Amino acid sequence: MNKTLLCTVAALCLATSAANAEAITVLVEGGGHSLQQAAADAFTKETGIEVNFVEVPYQGVYDKLTAEIASGSSNYDVVTIDVVWNAAFASHVEDLSDLFTDAVKADIPPALVADANVGGKMMGMPAWANAEIVFYRKDLWEDPANQAAFKQQYGYDLAPPATWQQWRDMAKFFTKDGMFGTDVIGATSEEWMAEVLQAGSPGVILDADGKVILDNQAHIDALEFYRAPLCEDKSVPDNALEINWGEAQNLFYQGQTAMMKFWAHAYKMTPEDSKVAGKVGVAPMIGGSAGVAGIPGPWYNVIPSTSQHKDAARQFIAYQIAHNALGIEAPLGLAATNSAYAGYMGKPGYEHFGPLLETLSAPATRGRPLNEHYQEIVDEAVMPAFQGALECEDNVASLLQDAAATARDILGQ
């Protein structure tokens, strides 16, 4: 654990007066509760402040916090929210800038620090984070016959794919014997957005000033590449528009695809009875002209402005980030700090942590736009163009130009 970070937070906690509450209530999505329970138990033991979790389904977090804001009530002292809601709630939560000491910021991947900053306000502290990395079949990649055949066909050694061209080459090579090389997810656009960053775009959909860049060259290049395995190479199942995260995961587990780009937590959760159990290798997300890049999936601890126990809530959030590694033993096995991940690297069963941290910390990695109209833009502009491109008939540039016009209308640009 990062000793400097611990000392900094310990000093903060000692400097803070004893909390005016014997208990705080944390609203959290069901899957995220376990990632914070160990830290909460240790916090209670050290401070005497009880931490009570209220677990709700994913959408329930948004709905309950929205209702609390509207009513001015104070049922929750801390709420753990998805990054996609940061912009919507930024004006209704406390500023946590004082918790982002130099030591804390140095221990968190830059993209996660950036996503906490909404309009100059550090509106939340990351509790854990995820990103897509490359999953591949080690048994296939390590097979001498495959290695020789691939080298003869493509002129370079068979190794985990690191570039766009390698991804396409390997997907084509392993499309044989009733198996596809990979998949194309058509039900959500986030995987393509990561490739937009890999292509060198300053952001996805919007730039840092909130201007629409959905039709810039990086978006075009990335969408051309994303659909190529489907439309040109025929190295993926042809029902791409029906494939979402779950379907892609099942294809890989059933041995129907040789590799996939997927959220890193899945490595630890590979079913023991799957056809790929014990055969899964992992690598950082692939890179384009800008190198490796991903779209992080962090969740943030925020303090609603309506909370009556803000001092205790701040102490808990500071403690949770300082003891962030305690969440790694939970089923999802995720954290938000570099030191938490580094502490487990090299341990059996945690081979995915190196690729995950490399992807999270890559210079081109950044989050989705922190704009309250983001989901509307995705639904009304991005998805029609994205899915239209996956029908393999329309011109990608034209589709994105139309989508950009729709997005500008939504934003009044």
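Just a few scattered comments:
- Segment residue 397-residue 114, length gained on full extension (0.36 nm per residue, minus Cα span): 98.9 nm
- Set of lysines near residue 151 by C-alpha distance (under 30 Å), chain-local residues within fewer than 8 positions excluded: 138, 172, 176, 234, 261, 275, 279
- Listed peptides 123-135, 340-352 by packing density, highest first (mean Cβ within 10 Å): 123-135, 340-352
- Placing +1 on each Lys and Arg Cβ and -1 on each Asp and Glu Cβ, with no other charges, gives the stretch 228-344 a dipole about its Cα centre of roughly 360 debye.
- The Cβ shell under 14 Å around residue 191 holds other residues with a net charge of -2, Lys and Arg each +1, Asp and Glu each -1.
- Under 12 Å, Cβ to Cβ, from residue 275 - net charge with Lys/Arg +1 and Asp/Glu -1: -1
- Sorted on the mean count of surrounding Cβ atoms within 10 Å across their residues, most packed first, peptides 214-225, 312-323 read 312-323, 214-225.
- Cα-centred dipole magnitude for the chain, charges only on beta-carbon of K, R (+1) and D, E (-1), debye, nearest 20: 1040
- Anchor residue 211: lysines whose Cα lies under 23 Å away (excluding residues fewer than 8 positions away in-chain): 121
- Between 0 and 90°, nearest 10: helix 396-411 axis offset from the chain longest Cα axis: 20
- Measuring how big the stretch 276-382 is from its alpha-carbon positions, Rg and Dmax come out at 17.4, 51 Å.
- Cβ crowding within 10 Å averaged over residues, with 193-199, 282-288, 392-398, 49-55 ranked highest first: 193-199, 282-288, 49-55, 392-398
- Percent RCO, i.e. relative contact order, over the chain, from Cα pairs under 8 Å lying at least 6 residues apart: 27
- Neighbours of residue 91 by Cβ distance under 13 Å: Lys/Arg scored +1, Asp/Glu scored -1, total -2.
- Using alpha-carbon coordinates, inclination of helix 144-154 to the longest axis of the chain, degrees: 70
- About the centre of its Cα atoms, the stretch 56-155 shows a dipole size close to 340 debye [charges on the beta carbon of Lys, Arg (+1) and Asp, Glu (-1) only; nearest 20 debye].
- Summarising the strand pairing of the chain, around 70 percent of its internal DSSP beta bridges are antiparallel.
- Furthest towards positive pole of dipole, 43, 87, 113, structure part the chain, Cβ charges: 43
- Partners for residue 347 among aspartates and glutamates (Cα-Cα distance below 20 Å; same-chain residues under 8 apart left out): 272, 329, 358
- Accessible-area composition of the chain, carbon plus sulfur, in percent [1.4 Å probe]: 49
- Against the chain, whose longest principal axis comes from its Cα atoms, helix 310-322 is set at around 40 degrees.
- Remark: the residue 411-residue 256 segment gains 51.6 nm on full extension, using 0.36 nm per residue and subtracting the alpha carbon distance.
- Calculated accessible area for the chain comes out at 40 Å² per residue, all protein chains present (probe 1.4 Å; ligands, DNA, RNA ignored).
The values are calculated or read from the model by the stated rules, or taken from the named source; none is laboratory data. What you are looking at is a predicted structure, and each value in this text was computed from that prediction instead of being measured. Methodologically, a virtual Cβ is constructed for each residue, glycine included, from the backbone with ideal geometry; neighbour enumeration extends over all protein chains shown. Note: areas computed on protein heavy atoms with side chains; ligands, DNA, RNA excluded. Shrake-Rupley method; radii C 1.70, N 1.55, O 1.52, S 1.80 Å.
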